[in-house]
Amino acid sequence: MENNLLNIESKKEYFIQTFGCQMNEEDSEKLCGMLNRQGYVQTENKEDASIIIFNTCCVRENAENKVFGNVGDLKKLKKKNKDLIIAICGCMMQQKGMADKVLEMFPYVDIIFGTHNSYKFPEYLARVKQSGVQVKEILNKEDKIVEGIPIERKSNVKAFVTVMYGCNNFCTYCVVPYVRGRERSRKPEDIENEIKDLVAKGYKEITLLGQNVNSYGKGLEPHITFADLLRRINKIEGLERIRFMTSHPKDLTDELIYAIRDCDKLCEQIHLPVQSGSSRILKEMNRHYDRDQYLKLVRKIKKEIPNVSISTDIIIGFPGETEEDFNDTLSLVKEVEYDSAFTFIYSRRNNTPADKMENQIPEEIKHDRFNRLLEVTNEIIAKKNSTFEGKTVEVLVEGPSKNDPDKLMGRTRDGRLVNFTGKTENIGELVNVKITKAHAFSLIGEEI
Ligand code: SF4
């Protein structure tokens, strides 16, 4: 496809939209970093952009549909501005046959690339700008880990740092291992250097990211575990808080629990996706733990780490889920008393084993169970939040509150959102906040 690219240099603004998880957010920050280094600036307005990027997700069907809708809408813009470059990348493009489908539906797309080669974006951009030829490059095998890619971070206070890529677990409902490849860990010294650099720039909190952070270190020489990595990072001076996600329950070792207990910078917060409270369904999901093992793990975490907050992911309506299985999920939720929960209706994903399972659950049953679960989780979360009224908590001030511009917002060590009256000069600092009121999903307070 030929493009008229004569005036491309006159307007150096880009628009980027990210779908999906924090890993995608971090990938987008790298795409922004690479573009900023070339002199582009980000715009919130597609009309002003000479480059539009969609970084896609394929974990749920509605995210895919949104991408199709968004790219379809660009046809008018592309007609008006022939110089506009449209790029689509991320997990959805990595799915078999998807890139070709997108190009067939939207032939005006200029660049398509997958999850393993996003560091090559500047090269693809240069190719399109120089020759006007459409670029499609999806690598089927994970490439080497590329270090030193510039990153344009959204926050000046807290940052995501990916420590490993990919997943080996093959849960039967999930596409991630197919689109993100097998597990690869970054070298600990590269991670440490990145964090030291962030601390030197004033960052106070980092969240270590990986699809399954607990299995960090496999294949690295010399041998290192995720707990070892946490203990090393905990020694970095100037860093105040460390978080990590996501933990697979089967890989959450005692060694890791003790590291969280012992390291002062590690926040008392664990995201521990359970997905279902039914051992039968967990087996069908290929999760490698059962209900009792999960509950035993939760009891151990609560015993070793006082005031820990535990959050989770739950899928409702997995194929074959009976009312009894669903009730097992409800009773598990009540027993664990999660501090927050991300609940999802099961979404069929092509080429996954669960997609081929019989006994897919009718939509109305899924929605009914989802609403009943939401009622229970919301009640528990609100009850837990209410225990904070009158207490003083440490908050890392992130910036103005999104709900009320006269207030500031930040999070407690255990991850609760706090909107509070305080001093703007303390943005980026740790402050003490007295909680005056608890809402269902946030706390209200005053800096003291
Ligand atoms: S652990 Fe399971 S749900 Fe998580 S990314 Fe891997 S396959 Fe997907």
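The sole residue among Ser155, Ser131 that is under 22 Å from Val213 (Cβ atoms), among the polar types (S, T, N, Q) and either surrounded by fewer than 17 Cβ atoms within 10 Å (Cβ to Cβ) or more than 16 Å from the ligand (Cβ to nearest atom) (or both) is Ser155.
Please verify whether Arg232 is within 18 Å of Arg413 (Cβ to Cβ), in the same structural domain as Ile316 (by TED's automatic domain parsing), basic (Lys, Arg) and more than 16 Å from the ligand (Cβ to nearest atom), treating the condition exactly as stated. No: the conditions fail for Arg232. Being touching a strand residue (DSSP E or B) at 6+ places or on another chain (Cβ under 6 Å) and closer than 20 Å to Cys174 by Cβ: is that true of Thr343 here? So Thr343 fits the description; yes. Scanning the stretch 88-124 for residues that are of a type in the set (Gly, Ala, Ser) and either under 24 Å from the mean Cα position of the chain (by Cα) or closer than 18 Å to Arg60 by Cβ (or both) turns up Gly90, Ala99, Gly114, Ser118. Could you grab me the full set of residues in the stretch 329-359 that are closer than 17 Å to Gln293 by Cα and open to solvent by 40 Å² or more (accessible area, probe 1.4 Å)? Listed by number, the residues that qualify are Ser331, Lys334, Glu335, Glu337. Would you mind telling me which numbered condition in (1) open to solvent by less than 10 Å² (accessible area, probe 1.4 Å); (2) within 15 Å of the ligand (Cβ to nearest atom) Gly277 fails? The failed condition is (2).
If you go through the stretch 395-430 and pick out every residue that is β-branched (Val, Ile, Thr) and open to solvent by less than 10 Å² (accessible area, probe 1.4 Å), you end up with 4.
Suppose the filter is away from the ligand (no atom under 16 Å from the Cβ), on the phi < 0 side of the Ramachandran plot and open to solvent by 20 Å² or more (accessible area, probe 1.4 Å); does Thr207 pass it? In short, no.
Among the residues of the stretch 107-119, is there at least one that is out of contact with any helix residue (DSSP H, G or I) (no Cβ under 9 Å at 6 or more places or on another chain) and either acidic (Asp, Glu) or open to solvent by 40 Å² or more (accessible area, probe 1.4 Å) (or both)? Yes, the stretch 107-119 contains at least one residue that is out of contact with any helix residue (DSSP H, G or I) (no Cβ under 9 Å at 6 or more places or on another chain) and either acidic (Asp, Glu) or open to solvent by 40 Å² or more (accessible area, probe 1.4 Å) (or both).
Each row is one residue, and each column tells you yes or no for (1) in contact with an Asp or Glu (Cβ under 8 Å, 6 or more places away or on another chain); (2) surrounded by fewer than 21 Cβ atoms within 10 Å (Cβ to Cβ); (3) without any contact (Cβ under 8 Å) to a residue 24 or more places away in the chain.
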site: Val179; (1), (2), (3): no, no, no
site: Leu198; (1), (2), (3): no, no, no
site: Glu221; (1), (2), (3): no, yes, yes
site: Ile224; (1), (2), (3): no, yes, no
site: Leu230; (1), (2), (3): no, no, no
site: Ile236; (1), (2), (3): yes, yes, no
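Number of residues in the stretch 360-392 that are open to solvent by less than 80 Å² (accessible area, probe 1.4 Å) and part of a loop (DSSP other than H, G, I, E, B): the value is 6. For the stretch 166-184, a tally of residues being within 6 Å of the ligand (Cβ to nearest atom) and touching a His at 6+ places or on another chain (Cβ under 7 Å) returns 1. Of the residues Asp100, Asp143, the single one that is more than 15 Å from the ligand (Cβ to nearest atom), more than 18 Å from Asn55 (Cβ to Cβ) and open to solvent by 10 Å² or more (accessible area, probe 1.4 Å) is Asp100. Count of the stretch 182-202 residues, restricted to those that are closer than 10 Å to Gly238 by Cα and among the basic types (Lys, Arg), is 1. With a requirement of 1 or more residues that are under 30 Å from Asp110 (Cα atoms), the helices (runs of 4 or more DSSP H) lying completely within the stretch 121-233 that satisfy it span 121-131, 176-180.
Among the listed residues Val109, Val71, which satisfies the condition of being in the same structural domain as Arg127 (by TED's automatic domain parsing), free of Cβ contacts under 8 Å to residues at least 60 places away in the same chain, part of a loop (DSSP other than H, G, I, E, B) and not charged (D, E, K, R)?
Val109 is the lone residue from the list that is in the same structural domain as Arg127 (by TED's automatic domain parsing), free of Cβ contacts under 8 Å to residues at least 60 places away in the same chain, part of a loop (DSSP other than H, G, I, E, B) and not charged (D, E, K, R).
The values are calculated or read from the model by the stated rules, or taken from the named source; none is laboratory data. Just so we're clear, the structure is a prediction, and the values are computed from it rather than from any experiment. Neighbour counts run over all protein chains shown; Cβ positions are idealised from the backbone, glycine included. Surface accessibility is based on the protein's heavy atoms, side chains included, excluding ligands, DNA and RNA. Shrake-Rupley method; radii C 1.70, N 1.55, O 1.52, S 1.80 Å.
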